[in-house]
Amino acid sequence: MTRPSAIQQYLEGFPDKEQKTGPRPRIRTKSETPKPKRYLLPIEVAIDAAQRRAASGEWDGAKGATLVGLYAICHRMIYGIIPQELCEKALFNIAAKLAAVALHKHFDDDPSAAAAFVKWSWEREKRLSGMGLGSRRS
């Protein structure tokens, strides 16, 4: 009697065709395949926070990032786009840090006053751009 070859030993591990092997695994179609998670950019999170605060009128506790989000909302309302430089994480973080410094230095840590200033400055920008003056300073 000859020894079974390695291939025969390997094949013996498979069930016969007559044996039931159980249900076959279901293969997902392309539309059922989960899409990779898309992480939000920091500016998108800041815009969302600014929109919620603007809707409620409650600015207490707002940080520099939220004020940058408010700036981006106003920029989009006037010019139709979010400033592209704020879509880069590193530049957004710099802007948020500078906004936090300005909040402390110029607004005595009062986010309501800072939000009112941002709103006023963009209302002025809208008025000047409507007169064809752009962002000319007076």
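The values are calculated or read from the model by the stated rules, or taken from the named source; none is laboratory data. Note that the structure is predicted; figures quoted are calculated from it, not measured. In this analysis, Cβ positions are derived from the backbone assuming ideal geometry, glycine residues included, and neighbour counts consider all displayed protein chains.
For R136, which of the numbered conditions (1) modelled with pLDDT of 95 or more; (2) more than 27 Å from Y39 (Cα to Cα) fails to hold?
If we test R136 against (1) modelled with pLDDT of 95 or more; (2) more than 27 Å from Y39 (Cα to Cα), just (1) comes out false.
Identify all residues within segment 43-70 that are among the hydroxyl-bearing types (S, T, Y) and either touching an Asp or Glu at 6+ places or on another chain (Cβ under 7 Å) or at pLDDT 95 or above (or both); write none if there are none.
T66
Name the helices (runs of 4 or more DSSP H) wholly inside segment 57-130 in which the number of residues that are touching a Cys at 6+ places or on another chain (Cβ under 8 Å) is 2 or more. Outline the logic, then answer.
Working: elements: 64-79, 89-107, 111-130.
Helices (runs of 4 or more DSSP H) meeting the threshold: 111-130.
From the list L11, L40, which residue is out of contact with any Gly (no Cβ under 6 Å at 6 or more places or on another chain), assigned to a loop (DSSP other than H, G, I, E, B), surrounded by fewer than 14 Cβ atoms within 10 Å (Cβ to Cβ) and at pLDDT below 85? Working first, answer last.
Numbers: L11 fails: assigned to a loop (DSSP other than H, G, I, E, B).
L40 is the lone residue from the list that is out of contact with any Gly (no Cβ under 6 Å at 6 or more places or on another chain), assigned to a loop (DSSP other than H, G, I, E, B), surrounded by fewer than 14 Cβ atoms within 10 Å (Cβ to Cβ) and at pLDDT below 85.
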